[in-house]
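Report on one structure; see the data block that follows.
The values are calculated or read from the model by the stated rules, or taken from the named source; none is laboratory data. Given the structure is predicted, the values throughout are model-derived calculations rather than measurements. Note that we place each Cβ from the backbone using ideal geometry, even for glycine, and neighbour counts take in every protein chain shown. Ligands, DNA and RNA are stripped out before the accessible areas are found, and what is left, the full protein with its side chains, is counted by its heavy atoms. Shrake-Rupley method; radii C 1.70, N 1.55, O 1.52, S 1.80 Å.
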Amino acid sequence: MSRYFCVMYILVELSFCSVDSVEDEMEIATVRHRPEALELLEAQSKFTKKELQILYRGFKNECPSGIVNEETFKEIYSQFFPQGDSTTYAHFLFNAFDTDHNGSVSFEDFITGLSILLRGTVQEKLSWAFNLYDINKDGYITKEEMLDIMKAIYDMMGKCTYPVLKEDAPRQHVETFFQKMDKNKDGVVTIDEFIESCQKCVSEIQLFQNSRIKISLQLPMPVPAPCFI
C-alpha cells in the first residue's frame, strides 16, 4: 500500500481553490462556507488547535468560499502528474473526500480525510482506502471497480514510467489483488477481507524492514519487499 499512500500525502501540499477574476471574488463573497468551530474540529481530528488554525488560514487564502468543487480539484491534481491524465483518479479521490456527497469539499471534509491519512491508525487508513476503491459504495469491491481504479492510476502515471508498463498491467494487478484478498472466492472483496489482507502485508513489510538490517551485509542485492500491492 506504500505507493498508494505516498500519492495521497500529496494532498497536504494542494491549494484547494483559485479565483480567476475580481468578478469571481465578488460572486464568491456572497456565499461563503463557514466551518465548524476549531474546538470541535480539534476534538474530531488528530490535529491541534494551532495546526488547524494554520491549515485553515492557508485554506481560506486560496479558497475564499471555503469549498472546492470537483473541476477545480481535478485541475489542481493534474499539476502534480503532468506526464499523464489524472482526471479519472482525481474524480474517485474527490468522491472519497466529499463524504456528504454534495459535490464539494469543505474545510471539514479536508481535515477529516487528512487527519486519517496522516495520523490515523493503519485500520483507519485502510478503511478510507476501501471507501475509495468501493466506487458505488455498496460495501464491496468488485473486479470491475478495482480495474477502473487501476486504469486510472496507470493513466495518471503516464507512459514515462520505468520499466515501461504493459497494456494489460492494470488487469494483471487486479487479478493479483483478488487472488490475495478474495478469501472466500465469491468474486468480491469485503472490508474485512481487505483490511485483514493489507494488515498482513504491512506486518510483512515491517518484518522485512527489521530483518533487512541484519542480512544486508550478507546479500549482494536488495531483497524486494513482500507486498502484493
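Number of residues in segment 43-60 that are open to solvent by 30 Å² or more (accessible area, probe 1.4 Å) and under 19 Å from the mean Cα position of the chain (by Cα) equals 2.
A Cβ distance below 8 Å, combined with a sequence gap of six or more or placement on separate chains, defines the contacts here; from segment 173-195, residues that are touching a residue at least 40 places away in the same chain (Cβ under 8 Å) reach residues that are buried (at least 16 other Cβ atoms within 10 Å of the Cβ) and among the basic types (Lys, Arg) in the pairs Gly187/Lys143.
Among all positions in segment 110-130, there is at least one residue which is open to solvent by less than 20 Å² (accessible area, probe 1.4 Å), at pLDDT 90 or above, among the hydrophobic types (A, V, I, L, M, F, W, C) and over 11 Å from the mean Cα position of the chain (by Cα). Selection of segment 61-75 for residues being touching a residue at least 40 places away in the same chain (Cβ under 8 Å) and surrounded by fewer than 19 Cβ atoms within 10 Å (Cβ to Cβ) yields Glu62, Pro64, Thr72. Just so you know, in segment 77-109 the residues that are open to solvent by 10 Å² or more (accessible area, probe 1.4 Å) and aromatic (Phe, Trp, Tyr) include one that is nearest to Glu196 (Cα to Cα), and it is Phe92.
Taking the numbered list (1) farther than 21 Å from Val202 by Cβ; (2) open to solvent by less than 60 Å² (accessible area, probe 1.4 Å) in turn, Ile153 passes all entries but (1).
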